[in-house]
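Student: Submitted below is the structure of interest, expressed as structure tokens.
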Ligand code: RB5
């Protein structure tokens with residue numbers, strides 16, 4: 001199966017983490033697209049959550065990686081979009097489980113929370129796990 005396209009978006013609280021994780025995901029062979037920000041100024045994270053939602057809702061096979069300082073604000077904003085299941089993860093276990101059980105289509109991390117090595121590992125785990133369906137689909141159907 002072809003690898004999904006991976007979109008990235010972040011605010012100024014996660015510039016370094018975004019740069020490192022994006023380069024790593026590209027190295028793993030994924031097509032990536034950076035929706036910004038470019039790191040030059042203070043921005044408003046809801047704008048980047050909205051940009052991400054637009055892309056993911058238009059391409060159901062794609063996955064997204066969103067980041068802000070804590071990861072909290074941008075995940076709250078992203079999850080306001082119907083069809084977006086954005087999961088804030090601080091370890092690989094959460095990344096694995098949210099793909100398998102929640103069919104999360106957007107991984108969220110905090111640039112001021114996780115270091116770059118952990119961020120790379122969380123992103124790889126997220127991308128390499130798949131949704132299990134079955135009873136988990138029933139539950140997702142309840143809020144979709
Ligand atoms: C920006 O300073 C900061 O508030 C933002 O990156 C994020 O942590 C919000 O949840």
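What follows draws every value from the coordinates through simple rules; no lab data is involved. Being a predicted model, the structure only gives us computed values, none of them experimental.
Student: In Å, what Kirkwood hydrodynamic radius results for the chain from the alpha-carbon pair distances?
Tutor: 14.7
Student: Still on this model: Could you state the number of Å between the C-alpha centres of the range 72-129 and the range 24-61?
Tutor: 13
Student: OK, next. Determine by what factor the alpha-carbon radius of gyration of the range 42-87 differs from 2.2 N^0.38 Å, reporting the quotient.
Tutor: 1.04
Student: Still on this structure, I have one more. Can you tell me the orientation of helix 45-58 relative to the chain, as the angle in degrees between its alpha-carbon axis and the longest Cα principal axis, to the nearest 10?
Tutor: With both axes taken from Cα atoms, the answer is about 40 degrees.
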